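K.L.:
My questions will all concern the structure given below.
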Amino acid sequence: MSRPTVYIETYGCQMNVSDSELMYGSLAAHGYEAVDTPDGADVILVNTCAIRDHAEQRVLGRLGELRRHMKKGTVMGVAGCMAQRLGPTLLEKARHVSLVVGPDGYRALPQLLEGARSGERTTATSFDLEEHYEDFAPRRFDKVKAWIPVQRGCDYRCTYCIVPYTRGAERSRRLDDVVREVEQVVRDGMSEVVLLGQTVNSYDDGTHDFATLLRAVGRVDGVRRIRFTSPHPNDFSDAVIAAMAEVPQVCEHVHLPMQSGSSRVLKRMLRRYTREGYRDCVARLRAAIPSLNLTTDVIVGFPGETDADFEETLSLVQEIGYEDAYTFKFSLREGTPAERMRPEEFVADEVASERLDRLIAVVRGGARERNLRLLGTRHEVLVEKAARRGEMLQGRTRDFKTVMLPPDGVAIGEYHTVELTGTTGSTFTGAVVRDVPARRPLPVAGAPAPAR
Ligand code: SAH
Ligand code: SF4
Ligand code: F3S
């Protein structure tokens, strides 16, 4: 008998991408074959995100579409944060869904799917504070960089955010387990690792902090680039910053969510830092790592945000000079403390949209100006994948700039010294100037389902 097939579609953050890799790995170990199209798959899983209403609406629409790809006997399951948030109501909303499983429930996935294939409709949304899926062998899609979860859940309680409710309390993996996984990915031919956690720099396994973790990962032979996402400004201790500066593999890029430039709004968001505190964090990082590039997340239209508050956000964005920013309109999430804010404080959608447009223009304008100045400079680029369009290959500098390269004499997985020859304002085109000792070339990866 041929093996049952499974297709997983992934939405949301890198943590979800990593979870999908774990699910694929576990199901492969239980006899499933992974396929890259939903057409006729025996199992279709949608790994979902609940961060904004828009993200959920997209998934609901997609669940309807995917129904058309189901054959007789196909089991459709919903995993991830939206599954955790909605639980059994998802089974009512979508009659063709027979399994709802939250982020801590993937260990039971093979049994749950077996039940679903024999006609059961089940919800599995208990939290398990011990669960790190240590014994799972993830099936990775990226052949160049490896997502390494080091922490699950979140203990902050930002008033807008659903994550603490969908992912539960913060817990860190043991340092030894992280190091063992890093050693494995190096043996598998990868040289870049991205350490993942909702507030990754608050990592604490009871014995080791994030600084110690960075140093331990840096000691693994064969690791050439270390990144991490997302850190919280309050958790950049001097020890963490020193480790970043001293471990040569730690790349010169930090994604440092700002959310707002107004201390008044930050306080209502319960971000636990002020405008000055955030600025100070940036200054400490830049003092230790002068060539550091920063990216950020910003929310506009948080309840109570005035024009003056928003101007403070614009001015801080300009002052800091981000390489890029993910910008969002506030979306009210059920069950978050923001629900208790006064209705008259809610910002009208037109106002929020206008602020969003202005913010995006400022971010793009600043990035464009800085990027134009970089033309002609040389950088080490790791070639990551085929570009979405055309023949070009796509890579990244250590400080996270995207560079398109002509494919001649260049292969995925290799490091090259590249001169930046052109820019769209946000991404670059480049030309290889000198070969850095070549690494083993890797085949073009079978593309995983897109995240976001
Ligand atoms: N743990 C990360 C953020 C994870 S969510 C951190 O604390 O930095 C990714 C981003 O989504 C957040 O940084 C925030 O900018 C945005 N976001 C979260 N909840 C949101 C909401 N309710 N409405 C709009 N944007 C939101
Ligand atoms: Fe959400 Fe705040 Fe936790 Fe980030 S730190 S996941 S924004 S609650
Ligand atoms: Fe990630 Fe979305 Fe959950 S951002 S943690 S998948 S709510």
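The values are calculated or read from the model by the stated rules, or taken from the named source; none is laboratory data. What you are looking at is a predicted structure, and each value in this text was computed from that prediction instead of being measured. Reconstructed Cβ throughout: ideal geometry from the backbone, glycine too, with neighbour counts over all protein chains shown. We work out accessible area using only protein heavy atoms, side chains counted, and drop any ligands, DNA or RNA first. Shrake-Rupley method; radii C 1.70, N 1.55, O 1.52, S 1.80 Å.
K.L.:
Under a plain spin-label model, where a point goes 7 Å from the Cα along Cα-to-Cβ, how far apart in nm are ARG68 and THR429?
P.N.:
Calculated label separation equals 3.7 nm.
K.L.:
I'd like to know which of VAL223, TYR278, PRO4 lies farthest towards the positive end of the charge dipole of the chain, counting +1 on Cβ of Lys and Arg and -1 on Cβ of Asp and Glu.
P.N.:
Checked the options; the winner is PRO4.
K.L.:
Sticking with this one: Could you check the spin-label model distance between ASP155 and ALA239? Points 7 Å from the Cα along Cα→Cβ, value in nm.
P.N.:
1.4 nm
K.L.:
Multiply the residue separation of ARG117 and THR274 by 0.36 nm, subtract the distance between their alpha-carbon atoms, and state the gained length in nm to one decimal.
P.N.:
Stretched out fully, the ARG117 to THR274 stretch lengthens by 51.3 nm.
K.L.:
Next question. Among GLY64, SER191, ILE360, pick out the residue whose Cα is farthest towards the positive end of the charge dipole of the chain, where Lys and Arg carry +1 and Asp and Glu carry -1 on C-beta, about the Cα centre.
P.N.:
Highest projection toward the positive end goes to GLY64.
K.L.:
Bin width 5 Å, alpha-carbon pairs only: give the P(r) of the stretch 166-221 as whole percents, running from 0 to the bin holding the largest distance.
P.N.:
With a bin width of 5 Å, the distribution comes to 4, 18, 31, 23, 15, 7, 2, 0.
K.L.:
Roughly what % of DSSP beta bridges within the chain run antiparallel, to the nearest 5?
P.N.:
About 35 percent, rounded to the nearest 5.
K.L.:
Can you tell me the dipole magnitude for the stretch 378-432 around its Cα centre, using point charges on the Cβ only (Lys, Arg +1; Asp, Glu -1), in Debye to the nearest 20?
P.N.:
Roughly 220 debye, rounded to the nearest 20.
K.L.:
If packing is taken as the mean number of other Cβ atoms within 10 Å per residue, what is the order of 288-296, 103-111, 130-138, highest first?
P.N.:
Ranked from most to least packed, the peptides come out as 103-111, 288-296, 130-138.
K.L.:
By a straight-distance test (C-alpha under 15 Å), which aspartates and glutamates pair with LYS93 as possible cross-link partners, with residues fewer than eight away in the same chain excluded?
P.N.:
GLU56, GLU65
K.L.:
Going by the alpha-carbon gyration tensor, a ≥ b ≥ c the square roots of its eigenvalues, is the stretch 5-124 rounded (a/c under 1.5) or, if a/c is not under 1.5, prolate (a/b greater than b/c) versus oblate? Don't skip to the answer; put the middle values down first.
P.N.:
Numbers: a/c = 1.32, a/b = 1.16, b/c = 1.14.
Note, shape of the stretch 5-124 comes out rounded.
K.L.:
Can you give the calculated 222 nm mean residue ellipticity of the chain, where each DSSP H run of n ≥ 4 adds -39,500 (n - 2.57) and the sum is split over every residue, rounded to the nearest 500 deg cm²/dmol?
P.N.:
-10000 deg cm²/dmol
K.L.:
Rolling a 1.4 angstrom probe over the protein heavy atoms, how many square angstrom per residue are accessible across the chain?
P.N.:
Ligands and nucleic acids excluded, the figure is 43 Å² per residue.
K.L.:
Moving on. Going by a ≥ b ≥ c, the root eigenvalues of the Cα gyration tensor, does the stretch 133-276 fall in the rounded group (a/c under 1.5), the prolate group (a/b larger than b/c) or the oblate group?
P.N.:
It is prolate, given that a/c is not under 1.5 and a/b is the larger ratio.
K.L.:
Just the Cα atoms of the chain: what Rg and Dmax do they give in Å?
P.N.:
Over the chain's Cα set, Rg and Dmax evaluate to 22.2, 67 Å.
K.L.:
Also, I was wondering about something else. FRET efficiency for ASP297 and THR421, Cβ-Cβ distance as r, R0 = 30 Å, nearest 0.05?
P.N.:
Values: r = 31 Å, r/R0 = 1.02.
E(calc), rounded to 0.05, equals 0.45.
K.L.:
Please enumerate, by chain and number, the lysines with C-alpha under 29 Å from the C-alpha of LYS401, excluding those fewer than 8 residues away in the same chain.
P.N.:
Those lysines meeting the cut-off are LYS143, LYS145, LYS329, LYS385.
K.L.:
While we're looking at this one, here's another question. Isolated Cys in the chain by the 4.7 Å beta carbon test?
P.N.:
Cysteines of the chain left without a disulfide-compatible partner: CYS13, CYS49, CYS81, CYS154, CYS251, CYS281.
K.L.:
Once each part is reduced to its C-alpha centroid, what is the distance from the stretch 337-398 to the stretch 78-156 in angstrom?
P.N.:
Their Cα centres are 30 Å away from one another.
K.L.:
How many percent of the accessible area of the chain is carbon or sulfur, using a 1.4 Å probe?
P.N.:
50 percent
K.L.:
Further question on the same structure: Give me the distance in nm between label points sitting 7 Å out from Cα along the Cα-to-Cβ direction at ARG358 and ARG373, one decimal.
P.N.:
So the two model labels end up 2.5 nm from each other.
K.L.:
Sorted by mean Cβ packing within 10 Å, highest first, what order do the peptides 405-417, 147-159 take?
P.N.:
Working: 405-417: 17.4, 147-159: 20.8.
My ranking of the peptides, most packed first, is 147-159, 405-417.
K.L.:
Go through 372-380, 182-190 and give me the packing order, highest mean Cβ count within 10 Å leading.
P.N.:
Top of the packing list down: 182-190, 372-380.
K.L.:
Cα gyration tensor of the stretch 351-396, axes a ≥ b ≥ c as square roots of the eigenvalues: rounded (a/c below 1.5), prolate (a/b > b/c) or oblate?
P.N.:
oblate
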